[in-house]
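**Student:** Once you've had a glance at the structure underneath, I'll fire off some questions.
The values are calculated or read from the model by the stated rules, or taken from the named source; none is laboratory data. The structure displayed is predicted, hence computed values, not measured ones. Reconstructed Cβ throughout: ideal geometry from the backbone, glycine too, with neighbour counts over all protein chains shown.
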There are 2 protein chains.
Amino acid sequence: MSESPRIVTAALVVIGDEILSGRTQDKNIAQIATWLGIQGIRLAEVRVVPDRTDAIVEAVNTLRARNDYLFTTGGIGPTHDDITVDAVAEALGVGVIVHPEARAILEGYYATRGGLNDARLRMARVPEGAKLIPNRYTGAPGIQAANVYLMAGVPQITAGMLDALSGTLEGGARLLSETVGCWVHESEVATLLGDTEQAHAGCQIGSYPFWTEGRAGANFVIRSTDPLMLAACTRALIAGLEAIGRPAVAGGI
Amino acid sequence: MSESPRIVTAALVVIGDEILSGRTQDKNIAQIATWLGIQGIRLAEVRVVPDRTDAIVEAVNTLRARNDYLFTTGGIGPTHDDITVDAVAEALGVGVIVHPEARAILEGYYATRGGLNDARLRMARVPEGAKLIPNRYTGAPGIQAANVYLMAGVPQITAGMLDALSGTLEGGARLLSETVGCWVHESEVATLLGDTEQAHAGCQIGSYPFWTEGRAGANFVIRSTDPLMLAACTRALIAGLEAIGRPAVAGGI
């Protein structure tokens, strides 16, 4: 048997009172999770914290220590409630400086938009030693400080920053998945699911029920880093469902 | 001046590999946040953790200790990956029992759906001493164990459970909010926002920028538990925006 491939993990801290108040539906968790999966990095945990320095520092320090990478979203804009840079610098134990390249980028961006002012210049502030992550939409860059990646709160801007980072982070074994749908109550096939998972080392089967117009169904997601074991587990599950007269729908319902 | 009203807080633990893989877009954070706000309870922090006992126990024990209430979503179904009841019981240091009333509910629900089996009976298991939260959709109840409220992962089912809980939890001062929109770069009014917040004790102003067809705008959300201070702060912000020729849009854009 070959050596187990290394699992590389990331965590995410979503910073924002607007998420905790229910005003804004978060989109960054799913977006960053999906992007990380493609990079071969597993999103291990997420915390949503308010715009408060102590809460950000606690989350950043706990999560950056036990994951390969830490992402944050939110709080890197020009207004008084944007405190992420200062909080991350505090967590890392470094000062905050104006990054010359970020300043130059912002000067260029705002040249035709009223010029740089104190608020706009705030977006050139970074923790000492940090690098910039390009933002093709609004100029103001994302920031990499140690293993912490500071992204925007607005999902489209974060999408652009993720594009810029694609392929640059070291990943590990990609978690592969197959989805199988079935018109069945998951409670009818619970034993089959558990037994099939048990029989295929390194595979996990997740069961996600739904109800559509009174009809019960479920999607079963099989995950593994090993493509052969994943295929075997998926085949076994499909065969097991067919054996009880519940044909599987490849790709899910 | 009157005594400050007590702030009542809750935390939320979202349990589910499907959220961390990016497969499923979480809807429960916004749904529970909004519902809590109406109950006079503030959502203080959220964690998303995988389907792993140690991760659930850590999050539950940290968050239930420092908040009045803790909610969880996910992992209370009939299949092998549903481990929330056992993990919460472990966190609380109690055993797991079959709740007689939950068993009776499930016997009734499944009477015309193939009868109770071992998997379905799993949904009657609760931490010792727990109470049930009615689920009008699929029978299987939510669970209250000490200050921990275990809800479903499927958002519609959780919505029904929240309905059943409405008005039953002790709340505190409601956090009130007003939203003001404006076609302006937030970086043009950063000083105005900060100064206006400073001048109105107990008010926070959040600034949420957006770009629509190349045009920059922002919504400003003013929050306070004091309705008079909230109104004064909102009026001051609207006046400040008008003074620089940027008329405010009441209710946001």
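**Student:** Search segment A:148-190 for residues being of a type in the set (A, V, I, L, M, F, W, C) and assigned to a helix (DSSP H, G or I), and hand back the single one that is nearest to the other protein chains (Cβ to nearest Cβ). Break it down into steps so the answer makes sense when it comes.
**Tutor:** In the first step, residues of segment A:148-190 are kept if they are of a type in the set (A, V, I, L, M, F, W, C); the result is A:148, A:150-152, A:154, A:157, A:159, A:161-162, A:164-165, A:169, A:173, A:175-176, A:180, A:182-184, A:189-190.
Okay, now just the ones that are also assigned to a helix (DSSP H, G or I), so A:157, A:159, A:161-162, A:164-165, A:190.
Numbers: A:I157: 9, A:A159: 13, A:M161: 15, A:L162: 12, A:A164: 18, A:L165: 16, A:A190: 3 Å.
Among residues in segment A:148-190 that are of a type in the set (A, V, I, L, M, F, W, C) and assigned to a helix (DSSP H, G or I), the one nearest to the other protein chains (Cβ to nearest Cβ) is A:A190.
**Student:** What about A:V94, is it in the same structural domain as A:L121 (by TED's automatic domain parsing), in contact (Cβ under 8 Å) with a residue 40 or more places away in the chain and surrounded by fewer than 22 Cβ atoms within 10 Å (Cβ to Cβ)? Quick ask: steps written out before the conclusion?
**Tutor:** On the way: in the same structural domain as A:L121 (by TED's automatic domain parsing): yes; in contact (Cβ under 8 Å) with a residue 40 or more places away in the chain: yes; surrounded by fewer than 22 Cβ atoms within 10 Å (Cβ to Cβ): yes.
Yes.
**Student:** What is the residue count in segment A:34-89 for residues that are in contact with a helix residue (DSSP H, G or I) (Cβ under 8 Å, 6 or more places away or on another chain) and free of Cβ contacts under 8 Å to residues at least 12 places away in the same chain?
**Tutor:** Residues in segment A:34-89 being in contact with a helix residue (DSSP H, G or I) (Cβ under 8 Å, 6 or more places away or on another chain) and free of Cβ contacts under 8 Å to residues at least 12 places away in the same chain: 1 in total.
**Student:** Output the residues belonging to segment B:38-73 that are under 12 Å from the mean Cα position of the chain (by Cα) and hydrophobic (A, V, I, L, M, F, W, C).
**Tutor:** B:I38, B:I41, B:L43, B:A44, B:V46, B:L70, B:F71, listed by residue number.
**Student:** With respect to A:V60, determine if the residue is of a type outside the set (D, E), facing chain B (nearest Cβ under 7 Å) and buried (at least 18 other Cβ atoms within 10 Å of the Cβ). First the steps, then the outcome.
**Tutor:** Working: of a type outside the set (D, E): yes; facing chain B (nearest Cβ under 7 Å): no; buried (at least 18 other Cβ atoms within 10 Å of the Cβ): yes.
So A:V60 fails the test.
**Student:** So in segment B:47-74, with the set limited to residues that are of a type in the set (S, T, N, Q) and assigned to a strand (DSSP E or B), which one is nearest to A:G217 (Cα to Cα)? If you could, list the steps in order and put the result at the bottom.
**Tutor:** We begin by selecting, within segment B:47-74, every residue of a type in the set (S, T, N, Q); these are B:53, B:61-62, B:67, B:72-73.
Those left that are additionally assigned to a strand (DSSP E or B): B:72-73.
On the way: B:T72: 23, B:T73: 20 Å.
In this case the residue turns out to be B:T73.
**Student:** A further question on this structure: Filter segment B:120-139 for residues that are within 11 Å of chain A (Cβ to nearest Cβ) and modelled with pLDDT of 95 or more and give the result. Walk me through how you get there before you give the answer.
**Tutor:** Taking segment B:120-139 as the starting set, the residues that turn out to be within 11 Å of chain A (Cβ to nearest Cβ) are B:120-123, B:137-139.
Answer for segment B:120-139, where residues must be within 11 Å of chain A (Cβ to nearest Cβ) and modelled with pLDDT of 95 or more: B:R120, B:L121, B:R122, B:M123.
**Student:** Here are the criteria: (1) assigned to a helix (DSSP H, G or I); (2) more than 14 Å from A:V48 (Cα to Cα). Tell me which single one B:R23 does not satisfy.
**Tutor:** (1)
**Student:** If you take the residues of segment B:176-199 that are in contact with a Leu (Cβ under 9 Å, 6 or more places away or on another chain) and touching a residue at least 60 places away in the same chain (Cβ under 8 Å), which of them is surrounded by the most Cβ atoms within 10 Å (Cβ to Cβ)?
**Tutor:** B:C182
**Student:** If A:P50 satisfies all but one of (1) out of contact with any Asp or Glu (no Cβ under 6 Å at 6 or more places or on another chain); (2) closer than 23 Å to B:L63 by Cβ; (3) buried (at least 18 other Cβ atoms within 10 Å of the Cβ), what's the number of the condition it fails?
**Tutor:** (1)
**Student:** Now a separate question. Let me confirm something: among B:G108, B:G77, B:G114, which residue is over 22 Å from A:G206 (Cα atoms) and in a loop (DSSP other than H, G, I, E, B)? Walk me through how you get there before you give the answer.
**Tutor:** Values: B:G108 fails: in a loop (DSSP other than H, G, I, E, B); B:G77 fails: over 22 Å from A:G206 (Cα atoms).
Answer to the check: B:G114.
**Student:** With respect to B:A231, determine if the residue is within 30 Å of the chain's Cα centre (by Cα) and in contact (Cβ under 8 Å) with a residue 12 or more places away in the chain.
**Tutor:** Values: within 30 Å of the chain's Cα centre (by Cα): yes; in contact (Cβ under 8 Å) with a residue 12 or more places away in the chain: yes.
Here the answer is yes, as B:A231 does meet what is asked.
**Student:** Is it the case, given these coordinates, that A:G202 is surrounded by fewer than 17 Cβ atoms within 10 Å (Cβ to Cβ) and over 22 Å from the mean Cα position of the chain (by Cα)? Spell out how you get there, then give the answer.
**Tutor:** Numbers: surrounded by fewer than 17 Cβ atoms within 10 Å (Cβ to Cβ): yes; over 22 Å from the mean Cα position of the chain (by Cα): yes.
Answer is yes for this residue.
**Student:** Any chance you could count how many residues in segment A:22-36 are under 8 Å from the mean Cα position of the chain (by Cα) and at the interface with chain B (Cβ under 7 Å from one of its Cβ atoms)? Working first, answer last.
**Tutor:** At the first step, the residues of segment A:22-36 found to be under 8 Å from the mean Cα position of the chain (by Cα) are A:28-36.
Add one more test, that the residue is at the interface with chain B (Cβ under 7 Å from one of its Cβ atoms), and what stays is A:29-30, A:33-34.
Qualifying residue count, segment A:22-36: 4.
**Student:** So, in segment B:110-119, of the ones that are surrounded by fewer than 17 Cβ atoms within 10 Å (Cβ to Cβ) and more than 22 Å from B:A89 (Cα to Cα), which residue ends up farthest from the other protein chains (Cβ to nearest Cβ)? Steps first, answer last, please.
**Tutor:** First pass over segment B:110-119, keeping only residues surrounded by fewer than 17 Cβ atoms within 10 Å (Cβ to Cβ): B:111-115, B:117-118.
Applying the additional criterion that residues be more than 22 Å from B:A89 (Cα to Cα) yields B:111-115, B:117.
Values: B:A111: 14, B:T112: 12, B:R113: 7, B:G114: 7, B:G115: 11, B:N117: 7 Å.
Among residues in segment B:110-119 that are surrounded by fewer than 17 Cβ atoms within 10 Å (Cβ to Cβ) and more than 22 Å from B:A89 (Cα to Cα), the one farthest from the other protein chains (Cβ to nearest Cβ) is B:A111.
**Student:** Here are some conditions: (1) within 10 Å of another protein chain (Cβ to nearest Cβ); (2) more than 27 Å from A:R66 (Cβ to Cβ). A:R215 meets all but one. Which one does it not meet?
**Tutor:** (1)
**Student:** Now for a separate question. Can you tell me which residue in segment B:149-172 is nearest to B:P5 (Cα to Cα), limited to those that are of a type in the set (G, A, S), surrounded by 16 or more Cβ atoms within 10 Å (Cβ to Cβ) and touching a residue at least 40 places away in the same chain (Cβ under 8 Å)?
**Tutor:** So the residue we want is B:G172.
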